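Down below is the structure, laid out as structure tokens.
The values are calculated or read from the model by the stated rules, or taken from the named source; none is laboratory data. Because the structure is predicted, anything quoted here is derived from the model rather than measured. Don't worry about glycine lacking a Cβ; one is built from the backbone with ideal geometry, like all the others, and counts go over all protein chains shown. With ligands, DNA and RNA removed, areas are computed over all heavy atoms of the protein, side chains included. Shrake-Rupley method; radii C 1.70, N 1.55, O 1.52, S 1.80 Å.
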Amino acid sequence: MRATVIYGAGDVRVETVPDPKLSEPTDALLRVVRSCICGSDLWPYGSMPARDRGVRIGHEFLGVIEAVGSDVTTLKTGDLVVAPFVYSDNTCQFCREGLHTSCLHGGFWGAKGVDAGQGEAVRVPQADGTLVKLPHTEDDDLLASLLTLSDVFPTGHHAAVKAGVNERTTVTVIGDGAVGLSAVLAAKRLGAERIILMGRHQARTDLGREFGATDVVSERGDEGIEKVRELTSGEGTHTVLECVGTKPAFEMGVGAVRPGGTISRVGVPQYDEGPIGPPLFRRNITVTGGVAPARHYIPELLDDVVEGRYQPGKVFDRTIGLEEVPDGYRAMADREALKVLVKP
């Protein structure tokens, strides 16, 4: 089959790789019908050291089941399913607590001999625990929104949930990428009436306004912090959803949050040390967030997506074929595209 392989910074290729096969009774084989490129894929695309043997990449996909192992009981051939961005058994102590990203028998796509999502097919470990059955549809817009359930919509939702967003909280969202826009949508869904989106790309912030942002701040750094404070009578917002992962983004969050507030980080941190000393301590700031347990959130979000109450698939602004994936990476890295959908 054909699949995406990364060899280093800027070097993504589509190659012929071995067809997946059932290897455990808990496996399923899945034919991919939609996948996409994630903003977090751009970190290795921008900095991964060159290597002679490439590695598979991609962790967001929908597919149709073509075969199941003998122990799989909840899925059958022909089912349309979504795969969260990690696989999990959904039964261990951490999964039962809603922390599927720490599953004792789980792992990441593309690691330790497991297929990745940007390809024609995937062997899914722990299929019963990992995959969520979807209603069959041929609607491209609905499929796009269902695809966001694999990562970006639950990640934005996780940011809002960990921050305690509700109808009584004001919100600042840092980042106008797909996760940041999903966080805007999630905050609106949870009842927030004041949502400030910090971003500087008008096409993206326009979508943010459609998703529920009440204000847009294009300034960065100290200027951006000052603008948020101007909009909030000098106080800052109750919550900050940091959806970028850089130290300057976190520093803006520290400046934008009000005393007693919460900063929730879901952007993969690209730094080891940050400003967590006396300024946060004196102001009673809570820092939370982390890797989103998408499998935990999908059942909660699914009906709203299927019924069309929310359309997170609007974050996709380019659709390509599998053989065009290298150009899709380039387009996202160059900010020519917000999020690229792959239709094998």
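Looking only at residues in segment 70-99 that are free of Cβ contacts under 8 Å to residues at least 24 places away in the same chain and within 23 Å of GLU138 (Cα to Cα), which one is most open to solvent (accessible area, probe 1.4 Å)? Before the answer, list the steps.
Step one: list which residues in segment 70-99 are free of Cβ contacts under 8 Å to residues at least 24 places away in the same chain, which gives 76-78, 92-94, 96-97.
Then drop every residue that is not within 23 Å of GLU138 (Cα to Cα), which leaves 76-78.
Values: LYS76: 116, THR77: 89, GLY78: 29 Å².
Across segment 70-99, the extreme among qualifying residues is LYS76.
The residues of segment 312-328 that are hydrophobic (A, V, I, L, M, F, W, C) and part of a helix (DSSP H, G or I), listed by number, are VAL315, LEU322, VAL325. The residues on offer are ALA331, ALA337, and the sole one that is open to solvent by less than 30 Å² (accessible area, probe 1.4 Å), aliphatic (A, V, I, L, M) and assigned to a loop (DSSP other than H, G, I, E, B) is ALA337.
Return yes or no: is ARG309 touching a Lys or Arg at 6+ places or on another chain (Cβ under 9 Å), crowded, with 20+ Cβ neighbours inside 10 Å and either modelled with pLDDT of 95 or more or part of a helix (DSSP H, G or I) (or both)? Criteria not met by ARG309. Within segment 233-246, is there a residue that is without any contact (Cβ under 8 Å) to a residue 24 or more places away in the chain and under 29 Å from LEU42 (Cβ atoms)? Within segment 233-246, not a single residue is without any contact (Cβ under 8 Å) to a residue 24 or more places away in the chain and under 29 Å from LEU42 (Cβ atoms).
Report whether or not GLY110 is open to solvent by less than 20 Å² (accessible area, probe 1.4 Å) and under 21 Å from LEU147 (Cα atoms).
Working: open to solvent by less than 20 Å² (accessible area, probe 1.4 Å): no; under 21 Å from LEU147 (Cα atoms): yes.
It is false that GLY110 is open to solvent by less than 20 Å² (accessible area, probe 1.4 Å) and under 21 Å from LEU147 (Cα atoms).
Among (1) among the hydrophobic types (A, V, I, L, M, F, W, C); (2) in contact with a strand residue (DSSP E or B) (Cβ under 8 Å, 6 or more places away or on another chain); (3) open to solvent by less than 30 Å² (accessible area, probe 1.4 Å), there is one condition VAL55 misses while meeting the rest; what is its number? The failed condition is (3).
So, LEU75, is that one of a type in the set (A, V, I, L, M, F, W, C), assigned by the TED database to the domain that holds THR16 and touching a strand residue (DSSP E or B) at 6+ places or on another chain (Cβ under 6 Å) or not? Spell out how you get there, then give the answer.
Numbers: of a type in the set (A, V, I, L, M, F, W, C): yes; assigned by the TED database to the domain that holds THR16: yes; touching a strand residue (DSSP E or B) at 6+ places or on another chain (Cβ under 6 Å): yes.
Against the criterion (of a type in the set (A, V, I, L, M, F, W, C), assigned by the TED database to the domain that holds THR16 and touching a strand residue (DSSP E or B) at 6+ places or on another chain (Cβ under 6 Å)), LEU75 qualifies.
PRO44 falls short on exactly one of the conditions (1) in contact with a Pro (Cβ under 9 Å, 6 or more places away or on another chain); (2) open to solvent by less than 50 Å² (accessible area, probe 1.4 Å); (3) not aliphatic (A, V, I, L, M), and that condition is (1). Listed by first and then second residue, the pairs linking a residue in segment 247-269 that is in the same structural domain as GLU230 (by the TED database) to a residue that is open to solvent by 10 Å² or more (accessible area, probe 1.4 Å) and among the aromatic types (Phe, Trp, Tyr), with Cβ atoms under 7 Å apart and 6 or more places separating them unless they lie on different chains, are LYS247/TYR271; VAL268/TRP43.
So which residues in segment 281-290 are under 27 Å from the mean Cα position of the chain (by Cα) and outside any loop (DSSP other than H, G, I, E, B)?
Here is the first cut: in segment 281-290, the ones under 27 Å from the mean Cα position of the chain (by Cα) are 285-290.
THR286, VAL287, THR288, GLY289, listed by residue number.
Residues of segment 321-342 that are farther than 25 Å from ALA183 by Cα and not small (Gly, Ala, Ser): LEU322, GLU323, GLU324, VAL325, PRO326, ASP327. Segment 140-205 holds helices (runs of 4 or more DSSP H) entirely within its bounds, and those carrying 1 or more residues that are of a type in the set (Phe, Trp, Tyr) and surrounded by 24 or more Cβ atoms within 10 Å (Cβ to Cβ) map to 152-163.
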